[in-house]
1. Hey, among Leu128, Leu123, which residue is within 16 Å of the ligand (Cβ to nearest atom), out of contact with any His (no Cβ under 6 Å at 6 or more places or on another chain), part of a helix (DSSP H, G or I) and in contact (Cβ under 8 Å) with a residue 40 or more places away in the chain?
2. Would you please list the contacts, defined by Cβ atoms under 7 Å and residues six or more apart or on different chains, that run from a residue in the range 72-97 that is aromatic (Phe, Trp, Tyr) to a residue that is within 9 Å of the ligand (Cβ to nearest atom)?
3. Would you check which residues across the range 60-90 are assigned to a loop (DSSP other than H, G, I, E, B) and among the β-branched types (Val, Ile, Thr) and list them?
4. For the range 91-120, which residues satisfy the criterion of being part of a helix (DSSP H, G or I) and acidic (Asp, Glu)?
5. Quick check on this structure: which one of Leu18, Leu47, Leu3 is modelled with pLDDT of 95 or more and crowded, with 17+ Cβ neighbours inside 10 Å?
6. Could you look through the range 174-192, keep only residues that are touching a helix residue (DSSP H, G or I) at 6+ places or on another chain (Cβ under 6 Å) and within 14 Å of the ligand (Cβ to nearest atom), and pick out the one that is nearest to Asp20 (Cα to Cα)?
7. Of all residues in the range 64-94, which are in contact with an Asp or Glu (Cβ under 7 Å, 6 or more places away or on another chain), surrounded by fewer than 22 Cβ atoms within 10 Å (Cβ to Cβ) and under 15 Å from Thr40 (Cα atoms)?
Amino acid sequence: MTLKKGKLYIVATPIGNLDDLTYRAVQVLKSADLVAAEDTRHTRGLLARYGIQARLVSVHEHNEHRVRNRLVRILNEGESVALVSDAGTPLISDPGFGLVNAASDNGIEVIPVPGPSAVICALSISGLATDRFGFYGFLPRNRSSRQTFLGTLLGEHGTLVFYESCHRIVEALEDFAGIFPAGRKLVIAREMTKRHETIVRTVVGEALERVLEDPNMRKGEFVLLVEGEGGKRRPDQLSTEHVEILELLLEECSVKKSSEVVSRITGVRRKLVYSAALEISRRKS
Ligand code: SAM
């Protein structure tokens, strides 16, 4: 594969299972003139697994400011650079923000090479609403800042997604219990794609207990997902199948009873089902 000259590639890498590196990512990492990595030792391990020999430079949160000018110069000279982080997609709670901005400010094209990210991975298996969600990364370390921040999210309708480390999982769940209603669904996605992958589907009021009763639940990496206010998005109209059920019910029951049953089955608001039921019975009479 020949890479375009002087371009910055943002390359996603696995979040656990090394087989999750995409075919395109392998090609880009093989062909880039330089691979900028958060931890070069860590990235060398991944590259070795795919037989890739690359020129590596370290870019982490403490040197990003200094290194980005050098990388912009290299890019301007026509070399291609691939940016990777230790896991998942760079810039998602990872370094790279300054470099991407410096590159685009200098007219350098920034090309995504998508792949794993813990936030999307967790959402995809959570069973919580995905049509609207908010990603908040790591919560503030200080307890009172954390509680204040969580308080601002109480009325959010979308699913709330957080990253958390094993050191603060207990505190985070304690704070969730103090802020969010006990019955809200909560999913703990631990060590995804790794040997000890564990997905716990619980509610806010019971999550802490689930973590305290099993020491393994305090090890590894976590994504925490909390159902938004109002939970899953309600369908706002009846499908053809729903209308057929309603018609069948109307043959046996009253408009009120049929609407109640169909609303309960489908999640469509009762008022809406009631008007549809009235319309059907009017047509039939
Ligand atoms: N850039 C990464 C991404 O795209 O997901 C995130 C990097 S951030 C420094 C690391 C955090 O992501 C962890 O503390 C954890 O909250 C989450 N994470 C990463 N890998 C994970 C995994 N395999 N299972 C669960 N959470 C994970």
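1. Leu123
2. Phe97/Leu91
3. Thr89
4. The answer is Asp105, and nothing else.
5. Leu47
6. Restricting to residues being touching a helix residue (DSSP H, G or I) at 6+ places or on another chain (Cβ under 6 Å) and within 14 Å of the ligand (Cβ to nearest atom), the top hit is Met192.
7. Matches in the range 64-94: Asp86, Asp94.
The values are calculated or read from the model by the stated rules, or taken from the named source; none is laboratory data. Computed from a prediction, not measured in an experiment: that's the story for all the values here. Heads up, the Cβs are rebuilt from the backbone with ideal geometry, glycines too, and the neighbour counts pull from every protein chain shown.
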